[in-house]
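Throughout, read-outs are computed from the coordinates displayed, never taken from laboratory work. Bear in mind the structure is a predicted one, so any value in this text is a computation, not a measurement. No Cβ is skipped: glycine too gets one built from the backbone with ideal geometry, and neighbour counts run over all protein chains shown.
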Amino acid sequence: MRNPAKLFKLWIGFVPLICTSEPEMVQRLLTHPQCLEKAYFYDLFKMEYGLCGAHYNIWKGQRKALNPSFNQKIINEFVPIFDKCAQNLVKTLLQNPEGDPVQVTHYMKLCTLEMICATTIGSDINKDPKLFRLAHLITTITEYVSKRFLNFFLHAEFIYRLKRDHKDEELIREVAYKYVDEIFQDSLNRRAKQSELVTSSDRDDHRKPQIFIDQVLNLHDEKVFSDIEVIQNVYLIIATGSDTSGIEMGIIAQLLAMYPHLQEKVYQEIREIFPDEGGSHFTPENLQQLRYMEMFIKESLRLFPVGPIIARKTMGDIELDGMIVPSGTLLAISIYNLHRRKDVWGAKAEEFDPENFAPERSEGRHPFAYLPFSGGNRNCIGYRYAMISMKIMMVHLLKNFQFESNFSLNDLRFKFDALLTLSNEPVITLKRREKYFAG
């Protein structure tokens, strides 16, 4: 694909999609005020009151209300939690016999789930088995939705209701929603008990992490969010926050193993910035100094974006590339292809090279040529959270282990799913470093 057309048409059954992976067209779509509505197939997730899948009339109020919940100051408060969870990950991995194959994605997802539960609902998954059950249910629901998406005729609700999958999915949803509703009710009860003891100055004290559910419950108290909006947003944060970062960290681990010389560069940078063998004291400043690590993460997200496709629906007539696209048209953006365009990334766009994000190479690159967290007003609200948590995990992992594998980039196979997931988990072994740190 040298210079693909700016716009082209695909069909989902009888429904046409206008598609693009051209940076200028992508920017036009994601920043256009008439392109802020999600496409209908997001409705298959049945999360119409959650930020990720909400229709425009609900989303616009939610996004404005939730933006402060993900500002840099609050995310910095989560650093000690990320640190503790990453240390727990190392301790768990150290229990595996050295040299045995390890399914790294499984462990990464457990770690990111621990992080998201601690920062979202203030719960420790190691002390609450119900949260593991909830995570499994969420994964199963996503599998049902992905399976349904691949069969156009099942998009129609009246047809899907005739299938056994519909009944099974609804039963699983019922249990999952029950768990999240219990979390909601427990949080309400906890706040009620604490309200008489907490002064207004305590509420303004940012020395304690402001967990997500308390922030949305503040909006609930102010009548900004309804019960269902709180429940679905908590559900979505747990679902998307743990799965996406966990999958990407699994891919990063595999890339570290495939490119030992690049792994060594990341490791040496860690040793330079965190020389203390007894642990790592993380600050916003020293995390920002992990520049090569950040380049490595960004390149991983370029070749393997967890969300490979974005879809929108026009809310009014818009002009694209000299033609009028009518209201109600579905638009699709292939992030996967955008990130592999040779006219943007060069002749070796299909190869893994963190130097793509060196300052000299990044200068002049189109701002919408790289969108691992989407772009425009409906971009991913948790991108800062993801980057900081992944950096802390990498520091602890590489201080303790060398990642090794006989797989190459060409051996990786992915499957079409709601998220970009591996269909074949490469064999990775962990070699303990001579001096390792379990926290």
For the chain, what is the relative contact order in percent, using Cα pairs closer than 8 Å and at least 6 residues apart in sequence?
28
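Please state, to two decimals, what the Cα-based radius of gyration of region 1-47 comes to when divided by 2.2 N^0.38 Å (N = residues).
Taking the Cα Rg and dividing by 2.2 N^0.38 Å, one obtains 1.35.
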I want the local charge near residue 306. Using Cβ-Cβ distances under 9 Å, sum +1 for each Lys or Arg and -1 for each Asp or Glu among the other residues.
-2
Please find the FRET efficiency linking residue 56 to residue 281, where r is the Cβ-Cβ separation and R0 is fixed at 51 Å, and quote it to the nearest 0.05.
0.70
Distance between modelled label sites at residue 351 and residue 194, nm, 7 Å Cα→Cβ extension:
5.3
Can you pull the one-decimal nm distance between simple spin-label points at residue 63 and residue 432, each 7 Å off the Cα toward Cβ?
4.9
So for region 11-135, taking the charge dipole from beta-carbon charges (+1 Lys/Arg, -1 Asp/Glu), which of 92, 30, 68 sits furthest toward the positive end?
68
Given charges of +1 on the Cβ of Lys and Arg and -1 on the Cβ of Asp and Glu, with all other atoms neutral, how large is the dipole of the chain about its Cα centre, in debye to the nearest 20?
540
State the Cα centre-to-centre distance between region 208-266 and region 107-165 in whole Å.
14
Largest first and rounded to whole Å, the semi-axes √(5λ) derived from the alpha carbon gyration tensor of region 66-107 read 32, 11, 5
Work out, in µm²/s and without decimals, the Stokes-Einstein translational diffusion coefficient of region 100-173 at 10 °C, 1.306 mPa s, Rh from Kirkwood over C-alpha pairs.
110
Partners for residue 431 among lysines (Cα-Cα distance below 28 Å; same-chain residues under 8 apart left out):
84, 91, 109, 265, 298, 391, 399
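Counting pairs of Cα atoms in region 366-439, how many percent are more than 15 Å apart?
That tail contains 73 percent of the Cα-Cα pairs.
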Can you give me the P(r) profile for region 33-151? Cα pairs, bins 10 angstrom wide beginning at 0, each as a whole percent.
11, 28, 34, 21, 5, 1
With springs only between Cα atoms under 10 Å, which of 170, 77, 299 fluctuates most in a Gaussian network model of the chain?
170
Across all directions of projection, what mean area in square nanometres is found for the Cα convex hull of region 293-439?
11.9
Amide H to amide H under 5 Å from residue 325: which residues, 5+ apart in sequence or cross-chain, H placed 1.01 Å off N in plane?
318, 319, 320
For the chain, with equal point scatterers placed on the C-alpha atoms only and solvent neglected, what are the log10 I(q)/I(0) values from the Debye formula at q = 0.08, 0.12 1/Å, to two decimals?
-0.48, -1.12
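Once you charge only the Cβ atoms, +1 for Lys and Arg and -1 for Asp and Glu, what is the size of the charge dipole of region 1-102 about its Cα centre, to the nearest 20 debye?
Roughly 420 debye for region 1-102.
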For the pair residue 358/residue 94, report the inter-label distance in nm, with labels modelled 7 Å from Cα in the Cβ direction.
3.7
Hey, if you put +1 on the Cβ of every Lys and Arg and -1 on every Asp and Glu Cβ in region 201-345, which of 230, 245, 333 ends up farthest toward the positive end of that dipole?
333
What's the center-to-center distance, using Cα atoms, between region 378-439 and region 1-56 in Å?
29
